[in-house]
Amino acid sequence: MLRIVVEDQDRAGLELDLDELVREGARRMLVTALLAEADAYVAGHVEERDEQGHAQVVRNGVARPRRVTTGAGALEVEAPRVDDRREGFQFKSKILPPWVRRSPKVTEVLPLLYLRGISSQDFVPALAEFFGSEAGLSASTVQRLTVGWTRELAEFGRRDLSQVDYVYLWADGVHFNIRLEEDRLCCLVLVGVRADGRKELIAVGDGYRESEESWAEVLRDLKRRGMRAPVLAVGDGALGFWAALREVFPETKEQRCWVHKIARVLDALPKSLQPKAKAALHEIMNAENKEAAETAMDRFQETYGAKYHKATERLLKDREVLLTHFAYPAEHWVHLRSTNAIESTFATVRLRTNKTKGAGSRSAGLAMAFKLLEAAQARWRCVNAAHLVALVRAGATFVDGLKVEREDHRSVA
């Protein structure tokens, strides 16, 4: 049987409430890890000596106490120091670099809260509840972070795209309020799928009501920086994006977002009919092949066309581009039928209450959106059957989701 034996001098540290106990345990674990890191560095160079035979790399006490904000709370630690006397070498902890005052997870929380309506003045009391400390989370700190995020966004918008290949592209315009301006910010977002199946943020731009010129400016900039035309673009029915896409990347195929389309069609129907109509629309969207989808679409028109012309017109005007996904691998359909990759990231932004204040300026709003997407990107999973993305780029033919061999291959067989 294992037993935990606590020394008398450590017993006082355990007489704490649960949160304090967690913080104290985290502090001790961090100190232990820092000591192990320093000792490993010294041990790795123990044979290196100077002309007098003295060790070149030795421990050198501890640094001044430093307060670090982590997910477990604010921890005060004394990082071990190492004296590396070799020319051009210096020990720097990878666990706790000299400039770090908060963990990456805490830094990630700030833009999340900011986009969800917490103003910089509210950060101190709000985060004090979570992290047990107000140190380093003042309004001025948040403002400095915002400036840094704006700079990061600018650098992101200048990167070279000639070495990456985006086969699929999702586009959406996300609107949210600006506290100090009357107009709402329209954040133009593009997310792509690389040839290896990974999803990646491509662009975050400031648009004017998703206008054609706003989208065209974003797409032209991507093309100037070397971006190749995607095989397929997915988006809602906003005419601005599609007109801009046809101008800049005319060879790219179009797929309308079914989530947006279903919402618009249902808006034109009485509430009493919406559940039944929604099931009929889902039958079209989830059809096993294009023929079945066409049949279900005709049935929808027969059912609702006479009395609810506006609803059927909204569906039928995009008939072909709603069914484009059938010409691509069936494993990819779930990804290609909607702009969920963008929508899910901004879901809470769309659902904010009237009390939400939003960002203080357009530049700050764009910076926050960029950081939110950047944080979410680490959790995006690859598309299903990622190996098929490269075949799509190579021009392979798919019919109703299945790859079709070329005629000459079949005739030889």
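Quick notes on this structure:
- Wholly enclosed strands (runs of 3 or more DSSP E) of the stretch 1-115 bearing at least 2 residues at pLDDT 90 or above: 57-62, 80-84
- Single residue of the stretch 355-413 satisfying the filter (open to solvent by 10 Å² or more (accessible area, probe 1.4 Å) and aromatic (Phe, Trp, Tyr)) that is modelled with the highest pLDDT: Phe398
- Residue check for Glu24: farther than 17 Å from Ile95 by Cα and open to solvent by 30 Å² or more (accessible area, probe 1.4 Å): yes
- Checking each residue in the stretch 310-349 for being within 12 Å of Tyr168 (Cβ to Cβ) and of a type in the set (Val, Ile, Thr) picks out Thr324, Thr339.
- Residue count for the stretch 229-245 satisfying the condition of being open to solvent by 10 Å² or more (accessible area, probe 1.4 Å), under 21 Å from Phe326 (Cβ atoms) and of a type outside the set (Gly, Ala, Ser): 2.
- Residue-level check: of (1) touching a Leu at 6+ places or on another chain (Cβ under 8 Å); (2) assigned to a helix (DSSP H, G or I), Ala243 misses just (1).
- Residue in the stretch 161-170 that is touching a Cys at 6+ places or on another chain (Cβ under 9 Å) and either buried (at least 19 other Cβ atoms within 10 Å of the Cβ) or at pLDDT below 90 (or both) present: yes
- Count of the stretch 310-348 residues which are outside any helix (DSSP H, G or I), aliphatic (A, V, I, L, M) and surrounded by fewer than 17 Cβ atoms within 10 Å (Cβ to Cβ): 0
- Taken together, the criteria place Leu153 among residues that are at pLDDT 85 or above, open to solvent by less than 30 Å² (accessible area, probe 1.4 Å) and part of a helix (DSSP H, G or I).
- Within the stretch 82-97, being in contact (Cβ under 8 Å) with a residue 24 or more places away in the chain and loosely packed, with under 11 Cβ neighbours inside 10 Å holds for one residue alone: Lys94.
- Qualifying residue in the stretch 143-150 (condition: open to solvent by less than 40 Å² (accessible area, probe 1.4 Å), polar (S, T, N, Q) and either over 17 Å from Ala364 (Cα atoms) or at pLDDT below 75 (or both)): yes
- Members of the stretch 246-299 that are outside any loop (DSSP other than H, G, I, E, B), open to solvent by less than 20 Å² (accessible area, probe 1.4 Å) and touching a strand residue (DSSP E or B) at 6+ places or on another chain (Cβ under 6 Å): Gln255
The values are calculated or read from the model by the stated rules, or taken from the named source; none is laboratory data. Everything quoted here is computed from the prediction, not taken from an experiment. So basically every Cβ, Gly included, is an ideal-geometry build from the backbone, and we count neighbours across all protein chains shown. Just the protein is used for accessible areas: all its heavy atoms, side chains included, with ligands, DNA and RNA removed. Shrake-Rupley method; radii C 1.70, N 1.55, O 1.52, S 1.80 Å.
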